[in-house]
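Engineer: Quick one: this structure, given as structure tokens, is what I'll be asking you about.
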Amino acid sequence: MKKALCYGILASLFFAFTFLFNHSMNLSGGYWMWSACLRYFLMLPILALLLWRLPGDRFRPVLAAIRARPAAWLVWSTVGFGLFYLPLTLGSVFGESWLVAASWQVTIVAGVLLTPVFGKPIPVKNLLLSLVILAGIALLQLPHLQGNDVRGNCLALVPILAAAFSYPLGNRKMMEVCPPEVDTVQRVFGMTLCSMPFWLAVACVAFVRAGAPSGGQLVQSGVVALFSGVIATVLFFRATDLVRNDPRQLALIEATQCGEVIFTLLGGILVLGDSVPGPAGMAGLALILLGMVLNSLVTAK
């Protein structure tokens with residue numbers, strides 16, 4: 001369990017690069033659809049190289065698993081990667097990096113609420129403690145919901161909410177689909193490969209609307225692909241694999257992703273010049289950390 005917890009927290013650090021660089025690309029005029037699909041286009045060769053460098057034939061098991069259940073791989077890879085990352089990237093257009101990261105933590109409750117879909121009871125204590133985390137997120141959001149564009153700010157949360165349910169749903173469904181001989185890196189490679197039809201369609205729309213991406217957007221997307229797409233995703237999927245049979249521990253690992261808010265906040269202020277949260281925001285951060293610590297203690301008990 002300690003190893004899974006460490007993996008989850010470390011993954012949240014690398015996931016923070018998603019919010020920081022997506023916001024940076026928006027500030028420099030990069031089109032949001034290119035920011036989304038370029039990440040997965042660049043992930044695919046990185047993952048293929050990683051599998052090639054590992055000992056043994058690492059491609060055969062995952063390709064055999066895809067051939068055995070192609071429809072399941074295509075559907076749940078598209079949900080877990082496509083319907084997760086495209087709406088999340090759209091959400092980054094509407095606010096500062098740490099604000100999007102905070103809104104994304106709705107996925108903690110989403111993961112708990114999805115537990116009955118997989119034939120297991122909702123871990124009630126984890127759900128209640130996840131609501132503490134969400135209360136902290138609400139405090140962070142409060143100043144942004146008091147201006148003249150309240151309706152616009154609320155609508156900006158809709159794509160993030162869609163992403164928050166798609167990510168744990170796709171991840172858990174793929175854990176069911178994958179045979180035991182397919183490890184975490186192979187699963188991420190297979191999901192990336194099977195999500196390519198979706199991303200090719202997105203790229204066609206992006207090209208028609210905005211033309212080709214700039215060199216700067218390609219470089220920044222490469223950083224997101226390596227740090228968030230490969231390193232963070234492999235760490236997080238490995239963490240969830242380690243506790244896949246325990247709903248409470250799985251909820252805890254998914255709750256570690258609230259660390260993204262802290263890491264993104266620090267990075268946004270230091271690197272992108274994001275504004276510092278006010279008193280309500282600081283109280284929200286304190287609640288997020290409290291919820292995470294309590295979640296860990298309850299699960300350990």
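Here, each number is a calculation from the coordinates, and none is a lab measurement. Fair warning: this is a prediction, and the values are worked out from it, not measured in the lab. Positions of Cβ are generated from backbone atoms using ideal geometry, with glycine treated the same way; all protein chains shown enter the neighbour counts.
Engineer: Would you mind counting up the charge near P247? Only other residues with Cβ under 13 Å from its Cβ, with Lys and Arg at +1 and Asp and Glu at -1.
Structural biologist: +3
Engineer: How high is the FRET efficiency between A286 and S28 when r is their beta carbon distance and R₀ equals 45 Å, given to the nearest 0.05?
Structural biologist: It comes out at approximately 0.85.
Engineer: Another question, then. Determine the shape class of the stretch 71-112: with a ≥ b ≥ c the square roots of the Cα gyration tensor eigenvalues, call it rounded for a/c under 1.5, and otherwise prolate if a/b is greater than b/c, oblate otherwise.
Structural biologist: In terms of gyration-tensor shape, oblate.
Engineer: To the nearest 0.05, what FRET efficiency results for L128 and F207 with a Förster distance of 51 Å applied to their C-beta separation?
Structural biologist: 0.65
Engineer: Let me ask something additional. I need to check one value: relative contact order of the chain, counting alpha carbon pairs closer than 8 Å and at least 6 residues apart, in percent.
Structural biologist: Rounded, it is 42 percent for the chain.
Engineer: To the nearest 20 debye, what is the magnitude of the charge dipole of the chain about its Cα centre, counting +1 on the Cβ of each Lys and Arg and -1 on the Cβ of each Asp and Glu?
Structural biologist: The calculated dipole for the chain is roughly 700 debye.
Engineer: Right, something else. Is the shape of the stretch 2-300 best called rounded, prolate or oblate, per the rule: a/c under 1.5 gives rounded, else a/b larger than b/c gives prolate, else oblate, with a ≥ b ≥ c the square roots of the Cα gyration tensor eigenvalues?
Structural biologist: Oblate is the answer for the stretch 2-300, as a/c is 1.5 or above yet b/c matches or exceeds a/b.
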